[in-house]
Structures are given as structure tokens and as C-alpha cells.
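Trainee: Got a structure here, written out as C-alpha cells. Questions coming.
The values are calculated or read from the model by the stated rules, or taken from the named source; none is laboratory data. Since the model is a prediction, treat every value here as computed from it, not as a measurement. Here the Cβ positions follow ideal geometry from the backbone for every residue, glycine too, while neighbour counts run over all protein chains shown. We work out accessible area using only protein heavy atoms, side chains counted, and drop any ligands, DNA or RNA first. Shrake-Rupley method; radii C 1.70, N 1.55, O 1.52, S 1.80 Å.
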Amino acid sequence: YIKMGSSSNFGNMLSMTGGSMFLPFLPMLPIQILLNNFLYDVSQVAIPTDGVDKEYIVKPRPWNINYIKKFMFVIGPISSIYDFLTYGVMLFIFHADAKLFHTGWFIESLCTQTLVIHIIRTGKIPFIESKPSKFLMLTSVVIVTIGILIPFSPLAKPFGFVRPPPMYFVILFFMVSTYLFFVQVVKKWFIRKYGYD
């Protein structure tokens, strides 16, 4: 959780800072950030029900802040790459105004941030070599579903969302899938280089 939280937050900071430099509006409104964080935190309440790989608890593992820092600097920017790709999709494909842009990035950000726990929680291939708890899988699916449905619900207006065009969800599926695959590939490289602490 520490590795995931630090890398995700670092990536989000890069994305917000970068977007604020060239967009004529905030990449995401404060109330939308609070909602994103709330939903993300709800999805993580299942972490105590999850188990780590048996190899990980063979011997005591003291805190390794340097390892966490390296992990944050390597994995965090990957989410920023996909955030900037989302910016490009919203601006150049959908010619989004502020509300549509906020909606598009909110959904993409919540999906990638919520689902990446399944990659980071293990040094192995997720779901195949190491399965998360059923509760963690459930909360991940439920929160991603809620995030996607909010723009179609009565909550859309108070949070400043609009309905994305159908093609957005095709692009979203492709981007989230490739993001998770890319994180898995980089994670395996990172473990080979620095070990698994």
C-alpha cells in the first residue's frame, strides 16, 4: 500500500502540475479531487483482507525508505504518461470543454489508480501467479463501476461532470489495459534490478 500510495500520489502531482502549465482551466476541480480520493480510499479498505506472497514473509523485512523512493520515482511517472495521453485525447480527439475534460480525466485517473494495486501488491504475475482477496477484487470493481456511472447519475451536475461520448470508453479500455500491462513490465524490470522489498 505504501509503494502504491507514494507512486500514485507522485504521478498525480506531476499530472496536475503539468496540466496546470498549459490548460486554460484546472485539470480537475478541488471537489472532484476530493471525490476521486474518497472513492479510491474506499476501494483500499479491503487491503487488510488481502495476503502477501508467502516468499515475502520468509524473513523479517525492515523499512527500506530508499527502495520505496526508487519505486515511487520509477512507477509514478507511468501514470503521468497516461494522464497526459488522456489530456491529449480529451483536447484533440473530443475537443473537450472544461467539464468534459474534467469528466474524462476523473474516470481515467480513478480507474488506473484503483486497479494498479493488483499489479503492485505482488512481485509475480497478478491473478495468475498471485490472486488478491475476493473482497479486494470486489471493492476494485465496485469503485471503478461507480466512477464510470457518476457522470450518468444525478450526482453529475453537483460535481461538474457531463456524459462522455461512447468512443471515450473504447479509448479508456485500451488505455487502462495498456497502462496495467506497462506497469507490470516495468515492475518486473525494477525487481530484477533492485530486488523485491
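Trainee: Hey, any idea what the orientation-averaged projected area of the convex hull of the range 79-187's Cα atoms comes to, in nm²?
Mentor: Mean projected area for the range 79-187: 7.1 nm², to one decimal.
Trainee: Let me ask you something else. Kyte-Doolittle cut-off 0.0, length cut-off 27 Å along the helix's own axis using Cα: show which whole DSSP H helices in the chain pass.
Mentor: What comes out of the filter, once short or polar helices are dropped, is 2-22, 65-88, 166-194.
Trainee: A further question on this structure: Highest GNM mean-square fluctuation, the chain, Cα pairs closer than 10 Å: which of LYS157, LYS99, LYS124?
Mentor: Evaluated over the chain, the most mobile residue of the options is LYS157.
Trainee: Turning to a different aspect of this structure: With the Cα gyration tensor of the range 157-197 giving a ≥ b ≥ c as the square roots of its eigenvalues, does the rule (a/c under 1.5 for rounded; else a/b larger than b/c for prolate; else oblate) give rounded, prolate or oblate?
Mentor: Judged from the Cα gyration tensor, the range 157-197 comes out oblate (a/c at least 1.5, b/c at or above a/b).
Trainee: Further question: How are the Cα pair distances of the range 32-143 distributed, in percent, across 5 Å bins from 0?
Mentor: Going from the shortest bin to the longest, the percentages are 2, 10, 16, 18, 20, 16, 9, 5, 2, 1, 0.
Trainee: While we're looking at this one, here's another question. Can you order the peptides 79-91, 27-39 by their average number of other Cβ atoms within 10 Å per residue, highest first?
Mentor: Final packing ranking: 79-91, 27-39.
Trainee: Of PHE106, VAL74, ALA96, whose Cα points farthest to the positive end of the dipole of the range 68-191 (charges on the beta-carbon: +1 Lys, Arg; -1 Asp, Glu; origin at the Cα centre)?
Mentor: Of the options given, the answer is VAL74.
Trainee: Sorted from largest down, give the three principal axis spans of the alpha carbons of the chain, whole angstrom values.
Mentor: Cα spread of the chain along its principal axes, largest to smallest: 53, 33, 27 Å.
Trainee: Mind checking the per residue accessible area of the chain for me, 1.4 Å probe, whole number of Å²?
Mentor: Counting only protein heavy atoms, the per-residue value for the chain is 53 Å².
Trainee: While we're here: Give me the net charge of MET4's neighbourhood, meaning all other residues with Cβ under 13 Å from the Cβ of MET4; Lys, Arg count +1, Asp, Glu -1.
Mentor: +1
Trainee: Summarise the accessible area of the chain (1.4 Å probe, protein heavy atoms) by the percent that is carbon and sulfur.
Mentor: That fraction is 74 percent.
Trainee: If you put +1 on each Lys and Arg Cβ and -1 on each Asp and Glu Cβ, how big is the dipole of the range 15-82 around its Cα centre, in Debye rounded to 20?
Mentor: Dipole about the Cα centre, nearest 20: 280 debye.
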